[in-house]
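Undergrad: For reference, the structure I am asking about is given below.
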């Protein structure tokens, strides 16, 4: 046992409601509100030193659990699951580094906890794996934050020996067709940037309902001082990268959306684009036909199309679609499907060329997926879950350390900027894009460098709490 090891003592979570200023549409659903789960976790080091860490993730119901069930039914199930997680993390008898404890919990506890929760739901109703991961993520993030604080160092400095007692071979297995890949003697830090970025290129999300110009419906629907149209956002924030949400079931609309956003973006100096079909496509031909049209009719846009994101259904094991026809044209990135490194491995076998990492699937899982993907020469991005408040900070730190294709997606400032007002006082560069970038220069101190003492945030009453019994 290392003197730097910790164990969990107590856990509580707060449900922080947030309203969007404009609707966010992706796939078949639209988001107008979200509950952010903010978790406080107390840990104890082996020498008796105690520390508190925090984590936060939006419980984005429509994204994690697409279903015909009512939004409030799904939200209630996820809220109950967060209560179960609070008890389970507090009771979990494991000691070690946050990565070691987090991995054990995800492997040993989360699947059975999900089964237990599903048993209480109406027949045929099942919390998806992705939803379970998103609920677990603020707890896991809080654990990683607490570990760094308990040891008085930034958490990212602990992802190597001697902090970690086991190398990556304890967690990861190379692909069968990669005999030269080995994780022995390697740690997550070996796959990070040699110098973490302090300033990141920021990708702007063009939602399916977003007005592009003043001539579009809804261009003047909200008068709150923030831009309403893509043209206004590009001018105010100096945007350089656009992620375009598509329908996936209307090829004409999708092509024309790409064409129109591309023309506006290129005229404004945007240099990178990506197309996000949000899991609504079942046949690669749908995607390849649109890509071929773009290449033939919009060659300049084609030159600036960096990658395509997750056109196909969430469950890769249930829908093992060969996708080489797409990835041979343009890099193709897993997103919703990439639950963990094993699914990333399956994706690589099916022809996917990259993976979009998200802290909302747990800090532990994101780190392990990063390492497996990079060891097998897959490309990386770090994608948003419209992360406001504290959720933005681990999200951006992951992108600062991961060798991404280009920067980070960050869009909470588009859909609920005022939600992060207290945090923005302390970290203004994290919550507003300037010259197309976000600035991480204000982060400092142990853990994730939140500087919570300086942030004047009043939390709602605790939703649930639990403490380890002696």
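Undergrad: Given the criterion touching a helix residue (DSSP H, G or I) at 6+ places or on another chain (Cβ under 8 Å), touching a residue at least 24 places away in the same chain (Cβ under 8 Å) and more than 24 Å from residue 427 (Cα to Cα), identify the matching residue among 401, 376.
TA: Every option except 376 fails the conditions.
Undergrad: Still on this model: Looking only at region 121-156, count how many residues are over 19 Å from the mean Cα position of the chain (by Cα) and in contact (Cβ under 8 Å) with a residue 12 or more places away in the chain.
TA: The number of residues fulfilling the criteria is 11.
Undergrad: Can you name every one of the helices (runs of 4 or more DSSP H) wholly within region 347-453 that holds 2 or more residues which are under 25 Å from residue 182 (Cβ atoms)?
TA: The qualifying helices (runs of 4 or more DSSP H) are 363-375, 392-401.
Undergrad: With respect to residue 214, is the statement that it is in contact with a helix residue (DSSP H, G or I) (Cβ under 9 Å, 6 or more places away or on another chain) and free of Cβ contacts under 8 Å to residues at least 24 places away in the same chain true?
TA: Yes, satisfied.
Undergrad: Would you be able to tell me the number of residues in region 88-110 that are surrounded by fewer than 16 Cβ atoms within 10 Å (Cβ to Cβ) and either within 20 Å of residue 358 (Cβ to Cβ) or touching a helix residue (DSSP H, G or I) at 6+ places or on another chain (Cβ under 9 Å) (or both)?
TA: 1
Undergrad: Which is under 22 Å from residue 33 (Cα atoms) and either in contact with a helix residue (DSSP H, G or I) (Cβ under 8 Å, 6 or more places away or on another chain) or not assigned by TED's automatic domain parsing to the domain that holds residue 41 (or both), of 463, 353?
TA: One residue alone meets the criteria, 463.
Undergrad: Right, here's the next one. Tell me, please, whether a residue that is surrounded by 22 or more Cβ atoms within 10 Å (Cβ to Cβ) and touching a residue at least 60 places away in the same chain (Cβ under 8 Å) can be found in region 279-301.
TA: Yes, region 279-301 contains at least one residue that is surrounded by 22 or more Cβ atoms within 10 Å (Cβ to Cβ) and touching a residue at least 60 places away in the same chain (Cβ under 8 Å).
Undergrad: Might you check whether a residue that is assigned by TED's automatic domain parsing to the domain that holds residue 348 and either within 19 Å of residue 436 (Cα to Cα) or touching a residue at least 60 places away in the same chain (Cβ under 8 Å) (or both) occurs anywhere in region 177-184?
TA: Looking through region 177-184, none of the residues is assigned by TED's automatic domain parsing to the domain that holds residue 348 and either within 19 Å of residue 436 (Cα to Cα) or touching a residue at least 60 places away in the same chain (Cβ under 8 Å) (or both).
Undergrad: Within region 191-205, does at least one residue satisfy the condition of being out of contact with any helix residue (DSSP H, G or I) (no Cβ under 8 Å at 6 or more places or on another chain), over 20 Å from residue 406 (Cβ atoms), touching a residue at least 12 places away in the same chain (Cβ under 8 Å) and assigned by TED's automatic domain parsing to the domain that holds residue 371?
TA: No, every residue in region 191-205 fails to be out of contact with any helix residue (DSSP H, G or I) (no Cβ under 8 Å at 6 or more places or on another chain), over 20 Å from residue 406 (Cβ atoms), touching a residue at least 12 places away in the same chain (Cβ under 8 Å) and assigned by TED's automatic domain parsing to the domain that holds residue 371.
Undergrad: Of all residues being without any contact (Cβ under 8 Å) to a residue 40 or more places away in the chain and touching a strand residue (DSSP E or B) at 6+ places or on another chain (Cβ under 7 Å) in region 18-43, which is nearest to residue 362 (Cα to Cα)? Just the residue, please.
TA: By that ranking, first place goes to 33.
Undergrad: Just give me the residues in region 364-384 being buried (at least 24 other Cβ atoms within 10 Å of the Cβ) and touching a strand residue (DSSP E or B) at 6+ places or on another chain (Cβ under 8 Å), in sequence order.
TA: Hits for region 364-384 are 366, 369, 370, 373, 381, 382, 383, 384.
Undergrad: Going by the structure shown, is residue 261 crowded, with 21+ Cβ neighbours inside 10 Å, farther than 27 Å from residue 370 by Cα and modelled with pLDDT of 95 or more?
TA: Considered against the rule, which asks whether it is crowded, with 21+ Cβ neighbours inside 10 Å, farther than 27 Å from residue 370 by Cα and modelled with pLDDT of 95 or more, residue 261 comes out as yes.
Undergrad: Go through region 325-345 and count every residue that is within 17 Å of residue 279 (Cα to Cα), out of contact with any helix residue (DSSP H, G or I) (no Cβ under 8 Å at 6 or more places or on another chain) and without any contact (Cβ under 8 Å) to a residue 60 or more places away in the chain.
TA: Going through region 325-345 one residue at a time, the tally reaches 4.
Undergrad: Exactly one condition in (1) surrounded by fewer than 22 Cβ atoms within 10 Å (Cβ to Cβ); (2) in contact (Cβ under 8 Å) with a residue 12 or more places away in the chain; (3) part of a helix (DSSP H, G or I) is not met by residue 76; state its number.
TA: Only one criterion in (1) surrounded by fewer than 22 Cβ atoms within 10 Å (Cβ to Cβ); (2) in contact (Cβ under 8 Å) with a residue 12 or more places away in the chain; (3) part of a helix (DSSP H, G or I) is unmet by residue 76, namely (2).
The values are calculated or read from the model by the stated rules, or taken from the named source; none is laboratory data. Remember, predicted model here, so these are calculated numbers, not experimental data. Glycine also receives a Cβ, built like all others from the backbone with ideal geometry; neighbour counts cover every protein chain displayed.
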